[in-house]
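Participant: Next up is a structure, given as structure tokens.
The values are calculated or read from the model by the stated rules, or taken from the named source; none is laboratory data. Because the structure is predicted, anything quoted here is derived from the model rather than measured. Glycine gets a Cβ as well: all are built from the backbone with ideal geometry, and neighbour counts include every protein chain shown.
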Amino acid sequence: MALSHPQGRPQGRPRILVTRKLPDAVEARLQRDYDATLNPADSVFDGDRLVTESAGHDGILLCSTEKLPATVIEKLPAEVRIAATFSVGHDHIDLAASKARGLTVTNTPDVLTDATADIAFLLLLAAARRAYEGERTIREDRWGRWSPTTMLGVHVTGKRLAILGMGRIGRAVAQRARGFEMEIHYSNRSRLAPELEQGAIFHDDPEDLLTVADFLSINCPSTRETHHFLNAERIARMPDGAVVVNTARGNIVHDDSLISALKSGKLAAAGLDVFENEPAIHPGYRDLPNCFLLPHIGSATLETRHAMGFRALDNLDAFFAGKPPRDRLA
Ligand code: 8YV
């Protein structure tokens, strides 16, 4: 697929390969300040294409859909010196290999915190109150008549919310939960200072956190340690009828375990915005009425996608001005 490349490349402007179609305002700034190779067709970049088409570029602006494992990083052309990811998550980039190769890596923290926490709450409420089943009933004209005993969901207000990973997004989820008078519990690599904790109850051991999780919100990064964290043994520790919400990364959940717990009724419901191997998700989710599913839209508001793009560009601007980028990861 041919990429659009401005003719008559201006002298001196850094050359940036942009792997995905970004919002117009972000692309306008890119074209104003850089010699940018855009991808208007939004076609897919696999590792081989990244290696080939980054030739002649000083940097890459990529998304979490493009993977940079060590095997790709090692083959990148020598002139590529920075990879700025349009995401807060960076599990698609091997940071150790980047450091070893001298590839600077930046991400876009902070700016998608609120949008992602909003989606976590949308999932929590929708899963608990059976929004998918209710919606379908109306669209398929199966409402019939109102009944006092049908469509009974899980009560939210005043329940215990367990947050796995109390970083920026976890804390923003907690802030929303306070409006629902929920009792907030959390587990994190380290305990937060009281002003950040705001009364939330710390569990040193995430296994203990699960025992109080009427609702579990997954907000931790995807790492070797968190891979398939939510498996059958851990689900068994949760209260019967609990609700699971995931807006972090799909591979933190072991899909077969979650699906069988949703089928057996051990868990009442789940709300998921992220999936292992997305978009090729485990097919078992599709038929589950007690699962509210979204296609990874946690940060999908125009304001947020602008802010993510501008933050990635701020990092590129700093790098090419010879200053330390604010969000340097490697
Ligand atoms: C992004 C995300 O939309 O920033 C992240 O880590 O998961 C999403 O909100 C996506 O990854 C963009 O690259």
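Participant: crowded, with 20+ Cβ neighbours inside 10 Å, farther than 18 Å from residue 288 by Cα, within 16 Å of the ligand (Cβ to nearest atom) and among the polar types (S, T, N, Q) - does that describe any residue in the stretch 96-104?
Facilitator: No - not one qualifying residue is present in the stretch 96-104.
Participant: Go over the candidates 225, 207, 181, 195 one by one and state the one that is in contact with a Gly (Cβ under 7 Å, 6 or more places away or on another chain), acidic (Asp, Glu) and either under 17 Å from residue 272 (Cα atoms) or assigned by TED's automatic domain parsing to the domain that holds residue 127 (or both). Quick ask: steps written out before the conclusion?
Facilitator: Numbers: 225 fails: in contact with a Gly (Cβ under 7 Å, 6 or more places away or on another chain); 207 fails: in contact with a Gly (Cβ under 7 Å, 6 or more places away or on another chain); 195 fails: in contact with a Gly (Cβ under 7 Å, 6 or more places away or on another chain).
That would be 181, the only listed residue that is in contact with a Gly (Cβ under 7 Å, 6 or more places away or on another chain), acidic (Asp, Glu) and either under 17 Å from residue 272 (Cα atoms) or assigned by TED's automatic domain parsing to the domain that holds residue 127 (or both).
Participant: Can I ask one more? Output yes when any residue across the stretch 169-192 is β-branched (Val, Ile, Thr) and farther than 24 Å from residue 115 by Cβ, and no when none is.
Facilitator: Step one: filter the stretch 169-192 for residues β-branched (Val, Ile, Thr), giving 169, 173, 184.
Subsequent filtering for residues that are farther than 24 Å from residue 115 by Cβ retains none.
Taking every residue of the stretch 169-192 in turn, none turns out to be β-branched (Val, Ile, Thr) and farther than 24 Å from residue 115 by Cβ.
Participant: When residue 85 is evaluated against the numbered criteria (1) over 25 Å from the mean Cα position of the chain (by Cα); (2) within 16 Å of the ligand (Cβ to nearest atom), which criterion, by number, is the only one it fails?
Facilitator: Answer for residue 85: the failing condition is (1).
Participant: To continue, here is another question. Taking the stretch 298-330 only, how many residues are surrounded by fewer than 14 Cβ atoms within 10 Å (Cβ to Cβ) and closer than 30 Å to residue 135 by Cα?
Facilitator: Residues that pass the stated criteria total 2.
Participant: Looking at the stretch 242-253, which of the residues that are surrounded by 21 or more Cβ atoms within 10 Å (Cβ to Cβ) and more than 14 Å from residue 122 (Cα to Cα) is farthest from the chain's Cα centre (by Cα)? Give the derivation first.
Facilitator: Filtering the stretch 242-253 for residues surrounded by 21 or more Cβ atoms within 10 Å (Cβ to Cβ) gives 242-249, 252-253.
Subset that is more than 14 Å from residue 122 (Cα to Cα): 242, 248-249, 252-253.
Numbers: 242: 22, 248: 4, 249: 6, 252: 11, 253: 13 Å.
Looking at the filtered set, the residue picked out is 242.
Participant: For the stretch 64-74, state whether one or more residues are over 24 Å from the mean Cα position of the chain (by Cα) and either farther than 18 Å from residue 92 by Cα or without any contact (Cβ under 8 Å) to a residue 24 or more places away in the chain (or both).
Facilitator: Checked the stretch 64-74: no residue is over 24 Å from the mean Cα position of the chain (by Cα) and either farther than 18 Å from residue 92 by Cα or without any contact (Cβ under 8 Å) to a residue 24 or more places away in the chain (or both).
Participant: Out of all the residues in the stretch 72-80, is one or more within 16 Å of the ligand (Cβ to nearest atom) and aliphatic (A, V, I, L, M)? So that I can check it myself, show each step before the final result.
Facilitator: From the stretch 72-80, those within 16 Å of the ligand (Cβ to nearest atom) are none; that's our starting set.
Among the residues of the stretch 72-80, not one is within 16 Å of the ligand (Cβ to nearest atom) and aliphatic (A, V, I, L, M), which makes the answer no.
Participant: May I pose another question? Considering only residues of the stretch 99-116 that are in contact (Cβ under 8 Å) with a residue 60 or more places away in the chain and aliphatic (A, V, I, L, M), which is farthest from residue 61 (Cα to Cα)?
Facilitator: Among them, the one singled out is 115.
Participant: For residues that are touching a Ser or Thr at 6+ places or on another chain (Cβ under 6 Å) and of a type outside the set (A, V, I, L, M), scanning just the stretch 40-62, find the one that is nearest to the ligand (Cβ to nearest atom). Write out each step before concluding.
Facilitator: Let us first name the residues in the stretch 40-62 that are touching a Ser or Thr at 6+ places or on another chain (Cβ under 6 Å), namely 40, 45, 60, 62.
Filter once more, keeping what is of a type outside the set (A, V, I, L, M): 40, 45.
Numbers: 40: 18, 45: 12 Å.
That would be 45.
Participant: Further, regarding this structure: When you go through (1) within 16 Å of the ligand (Cβ to nearest atom); (2) assigned by TED's automatic domain parsing to the domain that holds residue 286 one by one for residue 125, which number turns out not to apply?
Facilitator: Tallying (1) within 16 Å of the ligand (Cβ to nearest atom); (2) assigned by TED's automatic domain parsing to the domain that holds residue 286, residue 125 fails exactly one: (1).
Participant: What is the residue count in the stretch 127-180 for residues that are surrounded by 14 or more Cβ atoms within 10 Å (Cβ to Cβ) and farther than 27 Å from residue 213 by Cβ?
Facilitator: Counting residues in the stretch 127-180 that are surrounded by 14 or more Cβ atoms within 10 Å (Cβ to Cβ) and farther than 27 Å from residue 213 by Cβ gives 1.
Participant: When you go through 119, 138 one by one, which is the residue that is within 14 Å of the ligand (Cβ to nearest atom), in the same structural domain as residue 170 (by TED's automatic domain parsing) and among the β-branched types (Val, Ile, Thr)? Let's see the steps before the verdict.
Facilitator: Numbers: 138 fails: within 14 Å of the ligand (Cβ to nearest atom).
Exactly one residue qualifies, and that residue is 119.
Participant: Restricting attention to the stretch 184-218, which residues are in contact with a helix residue (DSSP H, G or I) (Cβ under 6 Å, 6 or more places away or on another chain) and part of a helix (DSSP H, G or I)?
Facilitator: Result: 210, 211.
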